[in-house]
1. Need the failing condition index for ILE225 against (1) without any contact (Cβ under 8 Å) to a residue 40 or more places away in the chain; (2) surrounded by 14 or more Cβ atoms within 10 Å (Cβ to Cβ); (3) among the aliphatic types (A, V, I, L, M), just the number.
2. Only one residue in LYS184, LYS192 is within 30 Å of VAL24 (Cβ to Cβ), at pLDDT 95 or above and assigned to a helix (DSSP H, G or I). Which one?
3. Restricting attention to segment 358-397, and to residues there that are part of a loop (DSSP other than H, G, I, E, B) and of a type in the set (Asp, Glu), which single residue is nearest to ALA53 (Cα to Cα)?
4. Look through THR60, THR79, THR108, THR73 and report the one residue that is buried (at least 18 other Cβ atoms within 10 Å of the Cβ), of a type in the set (Val, Ile, Thr) and assigned to a loop (DSSP other than H, G, I, E, B).
5. Restricting to segment 82-105, and then to whatever is part of a strand (DSSP E or B) and under 16 Å from the mean Cα position of the chain (by Cα), can you tell me which residue is surrounded by the fewest Cβ atoms within 10 Å (Cβ to Cβ)?
6. Counting only residues that are assigned to a helix (DSSP H, G or I) and over 24 Å from the mean Cα position of the chain (by Cα), which one in segment 405-414 is farthest from MET83 (Cα to Cα)?
7. Does ALA292 count as under 23 Å from GLY347 (Cβ atoms), in contact with a Lys or Arg (Cβ under 8 Å, 6 or more places away or on another chain), part of a helix (DSSP H, G or I) and of a type in the set (Gly, Ala, Ser)?
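The values are calculated or read from the model by the stated rules, or taken from the named source; none is laboratory data. None of these values were measured; they are calculated from a predicted model. Cβ atoms come from the backbone with ideal geometry, glycine included; neighbour counts cover every protein chain shown.
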Amino acid sequence: MDYMYTGNLLIVDLERGETEERLVDEELLRSKLGGAAVNDALFKEFESKDPVAIGAGLFTSTMIPGSSMSVMTARSPITNRKMHCPIVNFAGAELKLAGFDFIVLHGTSPKPVYLWLHDEIADLVPADGIWGRDTWQTADHIREEQGEERIQVILIGPAGEKKGSIGQLVVDYWSEGDKVGFGKRLGEMGLKAIGTRGMGELELADPERFLELCLKAIGEARERIGGARGIDSLMPSVDLKNFGVVRHRDSACFGCPWPCRTFAKYNEPPTVLKEALEEPGVLIADAPGFAALLRAGFDAVEASRLMEVVSRLGIEPLGAAPATEGLGFADAKAKLERMGAEQTDVGSVPTVNGACRPDLFSPFAPNGGEDEAIALAYILGICPRYAARMGIDRELVSQLIEACTEIEITPEAIGSLARSVLH
C-alpha cells in the first residue's frame with residue numbers, strides 16, 4: 001500500500017540472532033487495515049514458533065486524536081490464549097516512524113539482547129550488562145549507549161527476567177497497559193527491551209482532505225472533553241485520598257487531547273513546576289494499578305512511591321497489590337522487592353471493572369467502551385481509553401481512510417472488520 005505505511009515487516013529470530021526484512025502483503029493491509037487485525041494474521045502464520053507480533057494501526061502516528069497506539073499480540077502466559085496489549089505514550093508512535101510497521105519476534109536468545117530500531121535499521125544488541133537492572137536504569141543505559149535521550153523504550157524489569165507471570169511490560173519508566181504477562185513472555189525470549197527512535201514520514205493520498213477531517217475531529221474532541229484531565233477524569237468513582245499532596249501535572253500520550261495521566265511528585269515539592277531532581281516522582285499511567293494500591297490500604301503518597309517500585313521492577317501492580325494488604329509501607333516495599341526477585345506467578349488476569357473483553361484485550365482501559373469500538377481502536381491505533389470515552393464514528397473513519405489511502409470502505413464493512421477481531 002502506497003500510503004500510511006512503509007510496508008516493512010521485520011522478522012526477528014532471537015535463537016539465531018538474525019533479523020529479516022520483507023514487505024507486508026499489500027492485500028493483507030488493504031483488507032485488514034492494520035493493528036490487531038494484521039497482527040492476528042501474522043500470529044497465525046508464525047503460530048508454530050509461539051511468536052510475539054507488534055503492529056502499528058492505520059492511524060498510528062497521525063493528527064487523528066488518540067492515535068498513539070501500537071499493539072502487541074502474543075500468547076498470554078496467564079491465560080495461555082492469544083491476547084492484545086496496547087503500547088501507548090510516545091512509544092507506539094515511534095515504533096511506526098522508525099520504519100517497521102509490523103514486527104514478529106520468535107525463538108529464545110542464548111544470551112540477553114535488546115532490539116534497537118531506527119531509520120529502517122534493526123539491530124540486536126547484547127544486553128548482558130543490563131540484565132538484572134531495573135527498568136529506569138535500563139532505559140537510561142540504552143539512551144546513553146545509542147546517544148539519543150528521546151529514544152522510547154519498551155522493556156522488562158527483574159520480574160520479567162525471572163519469568164514470573166507477575167512480570168509486566170513497561171514503557172520507558174512507567175507501569176503501563178500490560179496486565180496479561182507479556183513481561184514474562186519477553187523474559188522467556190531473553191529480550192530485555194525494544195528501543196525505538198522514529199523520524200520517518202507518512203504519505204497521504206489526499207493531505208488537504210485529511211487535514212480538514214482531522215481538524216474537525218480535534219475540535220469536536222476538545223469540546224467534548226472540556227476541562228477533563230488527570231486520573232480522576234479517567235476513574236471518577238475512585239477515592240484518590242490525599243492525592244493533592246503529590247499531584248504535579250497532567251499529561252497526554254502522542255496526539256491525544258485528553259491528558260488522563262498524572263505525575264505524582266514526592267521527592268520535591270509538587271507546587272514547584274521546575275524539576276531539580278533526576279527522579280522527582282512517578283507518572284501514574286497505570287491508573288487501575290494505582291487504585292489497587294489505594295484499596296490495599298495505602299494513602300496516595302505511599303501508593304505513588306509503591307508505583308515507582310513496581311515500575312522499576314516490572315511488576316504488574318493490580319496482581320501484586322493484594323499481597324501488600326495489611327502491611328505498612330516499608331514492609332509492602334520489601335514484599336514487592338521480593339516478588340520482583342523471584343519467579344512470582346498470578347492465577348488470572350486482574351479484574352478491572354468496566355474493562356472491555358478482558359479475555360482478549362489487556363484490561364488497560366477502566367472506563368469501559370463498546371466492544372466493536374474498542375476492537376476498531378486496536379485496528380486503527382487509537383488508544384482504547386480514548387475510544388472508550390469518545391466512541392468511534394464509523395462514518396468519519398470511512399472518510400479518513402479514503403483521505404489517507406484512497407481505499408473506499410463503508411461504515412458497515414468497518415464494523416465487520418472490528419467484529420473479526422472479536423472472534
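1. Going through (1) without any contact (Cβ under 8 Å) to a residue 40 or more places away in the chain; (2) surrounded by 14 or more Cβ atoms within 10 Å (Cβ to Cβ); (3) among the aliphatic types (A, V, I, L, M) one by one, ILE225 breaks only (1).
2. LYS184
3. ASP359
4. Answer to the check: THR60.
5. MET83
6. THR405
7. Spelling it out, it is not the case that ALA292 is under 23 Å from GLY347 (Cβ atoms), in contact with a Lys or Arg (Cβ under 8 Å, 6 or more places away or on another chain), part of a helix (DSSP H, G or I) and of a type in the set (Gly, Ala, Ser).
Results for (1) touching a residue at least 60 places away in the same chain (Cβ under 8 Å); (2) among the small types (Gly, Ala, Ser); (3) surrounded by 19 or more Cβ atoms within 10 Å (Cβ to Cβ), shown as yes or no for each residue.
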{"position": "ALA321", "(1), (2), (3)": "no, yes, yes"}
{"position": "LEU327", "(1), (2), (3)": "no, no, no"}
{"position": "GLU337", "(1), (2), (3)": "no, no, no"}
{"position": "GLN343", "(1), (2), (3)": "yes, no, no"}
{"position": "SER348", "(1), (2), (3)": "yes, yes, no"}
{"position": "VAL352", "(1), (2), (3)": "yes, no, yes"}
